[in-house]
Amino acid sequence: METVELSTDLQVGVSYTPSEIIIQNEDHLASSVDRLVKLYGSYVFTDDNVPEAKNAKTSLNKVKKILEDQRKDVKKKYSEPLNVFEERIKSYVEKIDSVKNNIDAGIKDFEEREREKRQLVLDQVIADMAPNYEILVEELEVDPSWANKTNFTKKGEVNSKTVKIIADKMGFIALEKRRIEGDKKTVQTFADLNGLEPYAWENLIVQGHSVNDVLERMKQASEQKKRDEEERARQSAAEKEYQEAMAKLEQEQQQTIGDKIIDQETGEVVEEIIEDEILKFTLEISGPKSKLYALNQYMTDQGIEFQKVVI
């Protein structure tokens, strides 16, 4: 593509004559302003001469307006040639920018496509290296700068410096994974020995807590669990002792008379004793062996006496 170098050949010639702004009768203007300042500056205004103060303010504002209007008019006329010049130069710059912006867009598109190509090469290098360190590609946090042009050779390959950086990061990840697995086994063993659920404690290791910190927490949890179990056992024993004492007291308060149990304090019939009539049958039973064993066990549990009859 043909290019034209304009930066040294192009010359912008501008012809202008610096203008001098002269205030006619400036001495008279200066003396007039000084007189006004001296006149009104010497006045002392009080509550009694407020109208005179307002008149003085009005007179000063009129003089100020005359001066400001003149200044603005001169500035406007003086700036007109400069404004015209600026607009014309800006129009040329806009034309240059229009073309330059199109070129910038093309360069940006090219650079993005080149970066995508480098990213694909980088991804493949990472995928090839990961198995050597027994890690997953997803476990490596990829630095976006690795795909920069400066990290590649002229042949489009990842340079040795970047490969070493990636290798160091992968090595650290592999070491960290082995440490975590070892710490998790330590935690699991401690949990098994102390009757704790290991999952939550292993998760603390994965989150980055040191094994010593986790073991100390587990020790505290184990001690608390032991205290809780001892407290439950104490309460259970106390409840059992209470129930036995109440049962004994209740038994002592009751007397069996005939087929009735009488409360000795109130004379109330607490329970009527109904004895089951003992019946005796001779049965011939047949069925699957497993069912007959189950029937045997059931009758034994229920206190039913039985024996084999040989015919």
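The values are calculated or read from the model by the stated rules, or taken from the named source; none is laboratory data. Being a predicted model, the structure only gives us computed values, none of them experimental. Glycine gets a Cβ as well: all are built from the backbone with ideal geometry, and neighbour counts include every protein chain shown. What goes into the accessible areas is simple: the full protein's heavy atoms, side chains included, and nothing from ligands, DNA or RNA. Shrake-Rupley method; radii C 1.70, N 1.55, O 1.52, S 1.80 Å.
Summary of values
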| quantity | calculated |
| --- | --- |
| Qualifying residue in region 147-156 (condition: on the phi < 0 side of the Ramachandran plot, modelled with pLDDT of 95 or more, surrounded by 11 or more Cβ atoms within 10 Å (Cβ to Cβ) and not in a helix (DSSP H, G or I)) | yes |
| Filter result for the condition that a residue is open to solvent by less than 80 Å² (accessible area, probe 1.4 Å) and modelled with pLDDT of 80 or more, over 68, 26 | 68 |
| Set 152, 190: member being touching a strand residue (DSSP E or B) at 6+ places or on another chain (Cβ under 8 Å) and not β-branched (Val, Ile, Thr) | 152 |
| Scan of region 45-80 for residues that are within 60 Å of the chain's Cα centre (by Cα) and under 15 Å from residue 19 (Cβ atoms), ordered by number | 75, 76, 79, 80 |
| Test: residue in region 197-211 that is in contact (Cβ under 8 Å) with a residue 12 or more places away in the chain, in contact with a helix residue (DSSP H, G or I) (Cβ under 9 Å, 6 or more places away or on another chain) and under 30 Å from residue 146 (Cα atoms) | yes |
| Residues (part of a helix (DSSP H, G or I) and not hydrophobic (A, V, I, L, M, F, W, C)) located in region 195-211 | 198, 199, 202, 203 |
| Subset of region 206-239 (residues that are open to solvent by less than 70 Å² (accessible area, probe 1.4 Å) and under 20 Å from residue 181 (Cβ atoms)) | 208, 209, 210, 211, 213, 214, 215, 218 |
| Region 168-179 - residue that is buried (at least 16 other Cβ atoms within 10 Å of the Cβ) and of a type in the set (A, V, I, L, M) and, of those, farthest from residue 201 (Cα to Cα) | 170 |
| Residue within region 38-48 that is in contact with a helix residue (DSSP H, G or I) (Cβ under 6 Å, 6 or more places away or on another chain) and assigned to a loop (DSSP other than H, G, I, E, B) present | yes |
| Hey, residue 133 surrounded by 10 or more Cβ atoms within 10 Å (Cβ to Cβ) and over 36 Å from the mean Cα position of the chain (by Cα) or not | no |
| Condition met for residue 96 (open to solvent by 100 Å² or more (accessible area, probe 1.4 Å) and among the hydrophobic types (A, V, I, L, M, F, W, C)) | yes |
| Qualifying residue in region 274-293 (condition: at pLDDT 70 or above, of a type in the set (S, T, N, Q), surrounded by 10 or more Cβ atoms within 10 Å (Cβ to Cβ) and part of a helix (DSSP H, G or I)) | no |
| Cβ-Cβ under 7 Å pairs, at least 6 apart or on other chains, region 121-141 side farther than 13 Å from residue 176 by Cβ, far side open to solvent by 90 Å² or more (accessible area, probe 1.4 Å) and among the aliphatic types (A, V, I, L, M) | 130/136 |
| Given (1) within 33 Å of the chain's Cα centre (by Cα); (2) surrounded by 11 or more Cβ atoms within 10 Å (Cβ to Cβ); (3) part of a helix (DSSP H, G or I), index of the condition residue 142 fails | (3) |
